[in-house]
Amino acid sequence: MNYLTLYQSGELLKRVRTAYARLAACDLCPHDCGVNRLQGERGICGAGAHPAIASANVHNGEEPPISGSRGSGTIFLTGCSLKCRFCQNFPISQMGNGEVITTKVLADRILKLQQRGVHNINLVTPTHYVPQILAALYLAIPQGFRLPLVWNSSGYEKVDTLALLDGVVDVFLPDMKYADNGTAERISSAPGYADINRPAVAEMLRQVGHLKLDDEGLAVKGLIIRHLVLPGGLAETRKTLSWIAGNLGTATHISLMRQYFPAHQAVGMPVLGRKLTDDEYDEALEALEEFDLDNGWVQD
Ligand code: SF4
């Protein structure tokens, strides 16, 4: 099943309606704010009834199966349900930078990116806009939209919200940021992150399976987990990798990232105020090896 089948059967339109109905007392993400976004109220993510985006461009810096040779059509959505102290994109995620648009304009931006020859459409921080994205897709499909859809998310997501994406999303690209709920609440204002993130990622795997590539090495379907190693062991990388190997399997593709640098409120903070050391990243690489997680990408 894919989004074309869902469109033709009428299921996609049903999903659009179901998703919009949830905005009346918004429970799309684990914060369960209960605000009426249809009437202009806003919750923790800052999102309203209409989508807001900061950019829609060709991006070449993602993992090789996502960026390929022609780039990924990347749309940065405004707002986020996390408030990471170290967020490098905080003007977009936490300060509301971006343009409020209609779902029709969002569909147009998607189609324009497709015309530019990108390999996929990559929705960055999309979860608080599930209804609007489904609606844009519903408008774009009859106009010829056919690219794989990449869901590039924080992984702080509810299984019942992800269910609306079953058969719609081709590639899930979630973070697994923390293994400890307390750390997640302290650093990212995301209570219960570890307990919520793990079933969310398991649901993503159930929907799309392990990563499948085409003959050119491009992602056509599947799961890639991103894990940013944090200084001072704050991400508890070993615990997360152990959980992945034991629960999702060693075939899981992992992008183990080392590009942490202090940004936003992390500047001057103890521990978060410094970069990662080589030893800290080496420890993370050793954990990958220890748990036989051979699929994926690491950074030099
Ligand atoms: S999507 Fe936004 S408004 Fe809705 S529950 Fe999450 S943080 Fe609150």
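Looking at the range 141-178 only, could you name the residues that are over 17 Å from the mean Cα position of the chain (by Cα) and either of a type in the set (Phe, Trp, Tyr) or open to solvent by less than 20 Å² (accessible area, probe 1.4 Å) (or both)?
Ile141, Phe145
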Check: Taking the range 44-73 as the region of interest, how many residues are within 16 Å of the ligand (Cβ to nearest atom), assigned to a loop (DSSP other than H, G, I, E, B) and either within 17 Å of Ile110 (Cβ to Cβ) or small (Gly, Ala, Ser) (or both)?
Finding: 6
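Between Glu280, Glu236, which is over 29 Å from Gly167 (Cβ atoms), touching an Asp or Glu at 6+ places or on another chain (Cβ under 7 Å), touching a residue at least 24 places away in the same chain (Cβ under 8 Å) and open to solvent by less than 60 Å² (accessible area, probe 1.4 Å)?
Working: Glu280 fails: touching an Asp or Glu at 6+ places or on another chain (Cβ under 7 Å).
On inspection, the qualifying residue turns out to be Glu236.
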Item checked: Ala21 over 27 Å from Arg146 (Cβ atoms), hydrophobic (A, V, I, L, M, F, W, C), open to solvent by 20 Å² or more (accessible area, probe 1.4 Å) and within 12 Å of the ligand (Cβ to nearest atom) -> no
Next item on the list: May I ask you to list the residues in the range 232-266 that are modelled with pLDDT of 95 or more and assigned to a loop (DSSP other than H, G, I, E, B)?
Entry: Leu234, Ala235, Glu236, Leu248, Gly249, Thr250, Ala251, Thr252, Arg258, Tyr260
Next item on the list: Considering every residue within the range 12-32, establish whether at least one is at positive phi and over 19 Å from the mean Cα position of the chain (by Cα).
Entry: no
Margin query: For the range 115-127, which positions are open to solvent by less than 10 Å² (accessible area, probe 1.4 Å) and either within 19 Å of Leu28 (Cα to Cα) or touching a residue at least 60 places away in the same chain (Cβ under 8 Å) (or both)?
Written below: Val118, Asn120, Asn122, Leu123, Pro126
Next item on the list: Can you confirm whether the range 84-104 contains a residue that is among the small types (Gly, Ala, Ser), more than 16 Å from the ligand (Cβ to nearest atom) and open to solvent by 20 Å² or more (accessible area, probe 1.4 Å)?
Entry: no
Note to self: What's the total number of residues in the range 24-42 that are of a type in the set (A, V, I, L, M, F, W, C), under 18 Å from Glu157 (Cα atoms) and either more than 8 Å from the ligand (Cβ to nearest atom) or loosely packed, with under 14 Cβ neighbours inside 10 Å (or both)?
What the structure shows: 1
Check: What pairs can you find where one residue is in the range 18-29 and in a loop (DSSP other than H, G, I, E, B), the other is open to solvent by 50 Å² or more (accessible area, probe 1.4 Å) and near the ligand (Cβ under 9 Å from one of its atoms), and their Cβ atoms are less than 7 Å apart, with a gap of 6+ or different chains?
Finding: Cys26/Cys33
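Can you say whether Asn197 is among the polar types (S, T, N, Q), touching a Ser or Thr at 6+ places or on another chain (Cβ under 9 Å) and over 18 Å from His31 (Cα atoms), as far as the supplied structure shows? So that I can check it myself, show each step before the final result.
Values: among the polar types (S, T, N, Q): yes; touching a Ser or Thr at 6+ places or on another chain (Cβ under 9 Å): yes; over 18 Å from His31 (Cα atoms): no.
No, not satisfied.
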Check: From the residues in the range 240-255 that are open to solvent by less than 30 Å² (accessible area, probe 1.4 Å) and either over 21 Å from the mean Cα position of the chain (by Cα) or aliphatic (A, V, I, L, M) (or both), which one is nearest to Trp297 (Cα to Cα)?
Finding: Ile254
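The values are calculated or read from the model by the stated rules, or taken from the named source; none is laboratory data. Just so it is clear, the model here is predicted, and its values are computed rather than measured. Virtual Cβ from ideal backbone geometry, glycine too; neighbours counted across all protein chains shown. Heavy atoms of the whole protein, side chains included, go into the accessibility calculation; ligands, DNA and RNA do not. Shrake-Rupley method; radii C 1.70, N 1.55, O 1.52, S 1.80 Å.
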